[in-house]
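**Q** I have a structure I would like to understand better, so I am pasting it below and will then ask my questions one at a time.
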Amino acid sequence: MKKLLILLVMLGLPAGAFAAGGHKSCGAIECDPVKIDLGDQASLQRGARIFVNYCLSCHSAGFMRYNRMGKDLGISEELVKDNLLFAADKVGDLMKAVMPKDDARRWFGVAPPDLSLIARSRKPAWIYTYMRSFYRDGKSPSGWNNTVFPHVAMPHVLYEWQGDQRAIFKKDEHGAEVLERLEIERVGSMQPQEYDRAMRDLTNFLVYLGEPAKLVRYQIGIYVLIFLAVFLVFAYLLKKEYWKDIH
Ligand code: HEC
């Protein structure tokens, strides 16, 4: 019994450590947690729509093809063609950025990075918090700044949805300016909860983008568990059969 308990604790430990990873620091502030659910197909579809419409103009997702994405997310080839194919000609094309890299570098000073693996290098909570932390800053070239990524060269491309945010700073005990909070100055076309939900969908999609095979693995995982459950019954019956003369 004791051994069993120890085993259970050992199995539980890594899960606990993993869960704690959700609150990774976002620069000077704490990341807001985000619920990632790759089983939520509607959320992934909404995220894909935002990504293709608002991010692919500058960023690429060079490891993904439109038709693969459509198949994975349950979007028919016609719908992909009619609604998601702005930056390419064929559904079999890779998701390249509309803007040539050299132009982007000239305009922004840095080339917008490929976002295929961003949810793995930056973590979902970071992306979710980043997309909600742009604020107006007259001193920056784009007119925008970000509390998670200070002096970021990316403008706030979704400001029409979120509205304008401003940052309120306070002085800490050493006299240095620290962020107190962000405040919506002018409401956009979305309410804050609506905008948060859209950013959760977008983050969910970026997690899928980072590891598309995860969806397949989830499916296989369920079958494996069903198999193991059925197998357990037979194994138990067999064990009883073997031991019946001895007991
Ligand atoms: C107008 C061009 C443009 C658009 C549109 C755009 N971005 Fe960016 N993005 C940039 C640039 C430029 C950078 C590099 C910023 C830097 O390094 O200072 C960047 C950086 C980023 C980063 C940080 C990458 C890192 O270094 O870790 C993320 C995440 C990101 N963008 C996500 C998005 C998402 C999601 C969208 C769609 C909603 C989007 N971007 C739309 C230009 C753009």
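Read-outs: derived from the displayed coordinates by stated rules, not from any lab. Just so we're clear, the structure is a prediction, and the values are computed from it rather than from any experiment. All Cβ positions, glycine included, derive from the backbone under ideal geometry; neighbour counts span all protein chains shown.
**Q** How much net charge surrounds Met99 when only other residues with a Cβ under 14 Å from its Cβ are counted (Lys, Arg +1; Asp, Glu -1)?
**A** Here the charged neighbours net out to +1.
**Q** Here's something else I'd like to know. If the only charges are +1 at each Lys and Arg Cβ and -1 at each Asp and Glu Cβ, what is the size of the charge dipole of the chain around the Cα centre, to the nearest 20 debye?
**A** The calculated dipole for the chain is roughly 760 debye.
**Q** For Ser140 and Lys81, what is the calculated FRET efficiency with R₀ set at 45 Å and r taken between the beta-carbons, to the nearest 0.05?
**A** Working from the Cβ atoms, E equals 0.70.
**Q** Tell me, what ³J(HN,Hα) does each residue in segment 76-83 have, in order and in whole Hz, if you take phi through Karplus 6.51 cos²θ - 1.76 cosθ + 1.60 with θ = phi - 60° and put x for Gly and Pro?
**A** With coefficients 6.51, -1.76 and 1.60, one gets 5, 4, 5, 5, 4, 4, 7, 10 Hz.
**Q** Over the chain, what is the mean sequence separation of C-alpha contacts under 8 Å (at least six apart), divided by residue count, expressed as relative contact order in percent?
**A** 21 percent
**Q** Grab the eigenvalues of the alpha-carbon gyration tensor for segment 18-155, scale each by 5, take roots, and send me the semi-axes largest first in whole angstrom.
**A** 27, 22, 12
**Q** Around Ala48, under 10 Å between beta carbons, what's the net of Lys plus Arg minus Asp minus Glu among the other residues?
**A** So the surrounding residues net to 0.
**Q** Springs between alpha-carbon pairs under 10 angstrom, Gaussian network model over the chain: which of His151, His59, His174 fluctuates most?
**A** Maximum fluctuation in the GNM of the chain, among the listed residues, is at His174.
**Q** Another one. What's the long-distance tail for the chain, i.e. % of Cα pairs beyond 27 Å?
**A** 50 percent
**Q** Moving on. Applying the Karplus parametrisation 6.51 cos²θ - 1.76 cosθ + 1.60 with θ = phi - 60° to the phi angles of segment 43-60, what ³J(HN,Hα) value in whole Hz is obtained for each residue in order, glycine and proline being reported as x?
**A** Whole-Hz 3J(HN,Hα) from phi for segment 43-60: 5, 5, 5, 5, x, 4, 5, 4, 4, 5, 6, 10, 10, 5, 5, 10, 8, 9.
**Q** Something else about it: Return the distance in nm (one decimal) between the two label points of a simple spin-label model at Leu179 and Arg106, each offset 7 Å from Cα along Cα→Cβ.
**A** According to this spin-label approximation, the distance is 3.3 nm.
**Q** Could you identify which residue out of Arg46, Arg217, Arg200 has the top mean-square fluctuation in a GNM of the chain using Cα springs shorter than 10 Å?
**A** Of Arg46, Arg217, Arg200, the Gaussian network model singles out Arg217 as fluctuating most.
**Q** Scan around Tyr135 for amide H atoms under 5 Å from its own, H built in the peptide plane at 1.01 Å from N, and keep only partners 5 or more places away or cross-chain.
**A** Long-range HN contacts for Tyr135: Asn145, Asn146, Thr147.
**Q** Of Arg49, Arg132, Arg122, which is the most mobile in a GNM of the chain whose springs link Cα atoms less than 10 angstrom apart?
**A** Result for the chain, Cα springs under 10 Å: Arg122 fluctuates most.
**Q** In the structure shown, do any of Lys71/Lys214; Lys101/Lys214; Lys35/Lys214; Lys71/Lys96; Lys35/Lys123; Lys90/Lys214 have a Cα-Cα gap over 23 Å, and if so which?
**A** Lys101/Lys214; Lys90/Lys214
**Q** Need the C-alpha centroid separation for segment 103-144 versus segment 46-68, integer Å.
**A** Value for the Cα centre distance between the two parts: 15 Å.
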